[in-house]
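J.: The structure follows.
The values are calculated or read from the model by the stated rules, or taken from the named source; none is laboratory data. Given the structure is predicted, the values throughout are model-derived calculations rather than measurements. Here the Cβ positions follow ideal geometry from the backbone for every residue, glycine too, while neighbour counts run over all protein chains shown. These area figures cover heavy atoms from the full protein model, side chains too; ligands, DNA and RNA do not enter into them. Shrake-Rupley method; radii C 1.70, N 1.55, O 1.52, S 1.80 Å.
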Amino acid sequence: IANDAIRDHVLGKGSLPDAGPYDVAIIGDYNIGGDAWASRKIIEEMGLRVVSMWSGDGQLETMKVTHLAKLNLIHCYRSMNYIARHLEEAYGIPWMEYNFFGPTKIEASIRAIAKRFDATIQAKAEKVIAKHRAEMDAVIARYRPRLNGKSVMLYVGGLRPRHVIGAYEDLGMQITGTGYEFGHADDYQRTVPLVKDGTVIYDDATEHEMEELVKHLKPDLVGAGIKEKYVFQKMGVPFRQMHSWDYSGPYHGYEGFPIFARDMDMAINSPTWKLVKDPFAA
């Protein structure tokens, strides 16, 4: 309904006198913990210009010129693929998903975005990757020894059940289960190639089902929403709230990965868990 309102009353209503070949729009980023700002910095550092953002940090006047972008970059596919397809059909604007969670996915996404443009942007993209690699390597060197081999169960909405997998893997962690609260078939089609054989995938699980899955899979960390937070903490299972980053963030982009790594380490290795009975003890 919201997308329809934007389509009918906002899109195409603005002008961009200085429109250029490197204009892009970021769609489906809700700026949780400053994620949209962290993403925008990378894209602009590549030499592209963000002319419109939806809807975190979005402005009505800039949303009006989305139809003039040369490429739509989709963060949350679930919420915004509909409007991206409309923009492609009505205005001929191509679109693509990108993933800035963790250095592996950041680098892959930067290169995939750059391929849509000319050699100038591609060269700048490589410079961006090279500029930040040492910083990312330092984060991994610090936190991977503390997190390597730890298992994670995810149960979130939107894009997170698949997009954050790479960031955990960059830290040596493994995903033993993941699923969506309101996923569609195409979400799972995108998820399956990202997980290893044996990973449990679930859809729209009840709280009781999640509790039983956690008891069975025995993860070192659960990343889910506010409804699950206190259930698992009372069970003695380390937890991170992955809808609002537990009021931390950003987790996206080069700015976000050090915070993500710190927060996962803080959750799993907090000494307070020594005061709680082992939740998986017989």
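J.: Looking only at the range 145-165, which residues are under 14 Å from the mean Cα position of the chain (by Cα) and surrounded by 19 or more Cβ atoms within 10 Å (Cβ to Cβ)? Can you show your working first?
T.: Filtering the range 145-165 down to residues under 14 Å from the mean Cα position of the chain (by Cα) leaves 154-165.
Matches in the range 145-165: Leu154, Tyr155, Val156, Gly158, Leu159, Arg160, Pro161, Arg162, His163, Val164, Ile165.
J.: Let me ask something else about it. Take residues that are among the small types (Gly, Ala, Ser) and tell me which of the helices (runs of 4 or more DSSP H) falling wholly in the range 1-98 contain 2 or more.
T.: 2-9, 35-45, 77-91
J.: In addition: Any residue at all in the range 94-103 that is among the aliphatic types (A, V, I, L, M) and crowded, with 18+ Cβ neighbours inside 10 Å?
T.: no
J.: Give the range 25-41 a look and list any residue that's under 12 Å from Leu159 (Cβ atoms), buried (at least 24 other Cβ atoms within 10 Å of the Cβ) and out of contact with any helix residue (DSSP H, G or I) (no Cβ under 6 Å at 6 or more places or on another chain), or say none.
T.: Selection gives Asp35 alone.
J.: Enumerate the pairs (first residue in the range 182-200 and at negative phi; second residue anywhere and open to solvent by 70 Å² or more (accessible area, probe 1.4 Å) and among the charged types (D, E, K, R)) with beta-carbon separation below 7 Å, excluding pairs fewer than 6 apart on the same chain, so at least 6 apart or on different chains.
T.: Gly183/Asp203
J.: OK, next. Please work out which one of (1) modelled with pLDDT under 95; (2) under 30 Å from Pro258 (Cβ atoms) is the condition Leu11 fails and give its number.
T.: In the conditions (1) modelled with pLDDT under 95; (2) under 30 Å from Pro258 (Cβ atoms), Leu11 misses (2) alone.
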